[in-house]
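Report on the following structure.
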Amino acid sequence: MSKQPATSGQHCLLDQIRKELAEADKLCGNWGLRDGQIDDEEQEVAGALVQSAFEKSLVLMEMIRLPQTRDRIREIYDQARKNLTETKYSINLCEPYLVWSYNLSQILEAPEIVDSWKHNSALEQDLPSAVSRVEHLCDAFHRTALKLKTRHANRPGLEISDEYDVQYLLAALLQANFSDIRPEGWTPSYAGKCARMDFLLKDESIVIETKMARDGLTDGRLGDELIVDIARYKNHPDCKALFCFVYDPMHLLKNPTALETDLSRKTDGLIVQVQVRPRQ
């Protein structure tokens with residue numbers, strides 16, 4: 001499996017591991033200052049901290065899909081537990097604890113893992129900016145459509161009559177602003193069904209869904225369709241933000257502002273932005 005960028009939840013888990021290792025190291029350092037005189041309760045706490053750090057690290061490697069690193073951690077962890085049993089009544093336990101803590105810390109600082117954190121941090125910083133760029137394009141969509149409707153010398157212009165036409169023009173606008181645009185990819189199954197997404201901005205981890213208002217498509221029904229889209233994309237590995245663009249040139253929707261306000265939010269780590277254009 002390829003490595004995956006870390007999420008904010010994985011960052012939090014890494015922080016917990018490092019905190020536990022630091023607390024265990026501090027206890028071990030105190031033992032050294034007291035010439036190896038160890039309080040039984042402190043020993044129990046240090047052992048629990050190290051064990052918890054190892055267990056969390058195994059979970060973390062599963063989450064970011066690094067099986068070889070996970071196996072290496074498990075090997076060190078098993079050895080650490082064995083050594084703890086063998087040296088339980090030793091006068092100075094600080095050395096084994098420090099060795100295990102150091103080994104685990106080195107693994108967690110490995111380049112492949114550090115790259116995951118950096119990649120994800122950059123992605124999280126750039127994501128709002130990328131969403132804003134999509135928003136600006138959709139703001140300009142109607143003006144562009146009106147300009148393309150009329151051409152020189154009575155040549156036929158572009159008529160936006162359905163969602164396929166919306167996708168056609170939006171694809172051209174996106175191509176001028178984003179480098180890796182993947183149309184019509186499959187979404188994860190939801191309620192037993194899969195669907196095709198309209199656009200995936202691969203580098204930015206943004207999925208764009210397009211809708212066009214029409215007779216019979218009420219505000220409530222459109223809202224229900226968007227809610228299903230949101231639920232489906234929560235489990236999509238390449239989707240950090242879902243942008244739903246609703247084109248309503250005839251102003252058929254009764255309350256587009258409520259539609260945007262009710263559905264635009266961040267939920268379960270997924271940024272959702274709903275935009276209805278043009279405004280009245």
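The values are calculated or read from the model by the stated rules, or taken from the named source; none is laboratory data. As the structure is a computational prediction, the values presented were derived from the model and not from experiment. Cβ: placed from backbone, ideal geometry, glycine included. Neighbour counts: every protein chain shown.
Things worth noting here:
- Taking residues in region 156-167 that are in contact (Cβ under 8 Å) with a residue 60 or more places away in the chain, and partners anywhere that are in a helix (DSSP H, G or I), the pairs with Cβ atoms closer than 7 Å and at least 6 places apart or on different chains are Ile160/Ala145; Ile160/Val166; Ile160/Leu169.
- Residue in region 158-179 that is modelled with pLDDT under 90, surrounded by 15 or more Cβ atoms within 10 Å (Cβ to Cβ) and closer than 18 Å to Ile271 by Cα present: no
- Taking region 59-80 as the range and being loosely packed, with under 15 Cβ neighbours inside 10 Å and under 21 Å from Ala22 (Cβ atoms) as the test, only Val59 passes.
- Listed by first and then second residue, the pairs linking a residue in region 251-280 that is under 15 Å from Glu225 (Cα atoms) to a residue that is among the basic types (Lys, Arg) and part of a loop (DSSP other than H, G, I, E, B), with Cβ atoms under 9 Å apart and 6 or more places separating them unless they lie on different chains, are Pro256/Arg279.
- Tally of residues being touching an Asp or Glu at 6+ places or on another chain (Cβ under 7 Å) and crowded, with 19+ Cβ neighbours inside 10 Å across region 227-241: 1
- Region 13-41 - residue that is small (Gly, Ala, Ser) and in a helix (DSSP H, G or I) and, of those, modelled with the lowest pLDDT: Gly32
- For region 120-131, the criterion of a residue being under 30 Å from Gln43 (Cβ atoms), surrounded by 12 or more Cβ atoms within 10 Å (Cβ to Cβ) and at pLDDT 65 or above is satisfied by no position.
- Matching strands (runs of 3 or more DSSP E) fully within region 226-280 where at least 1 residues are aromatic (Phe, Trp, Tyr) and either over 16 Å from Ile208 (Cα atoms) or modelled with pLDDT of 95 or more (or both): 241-247
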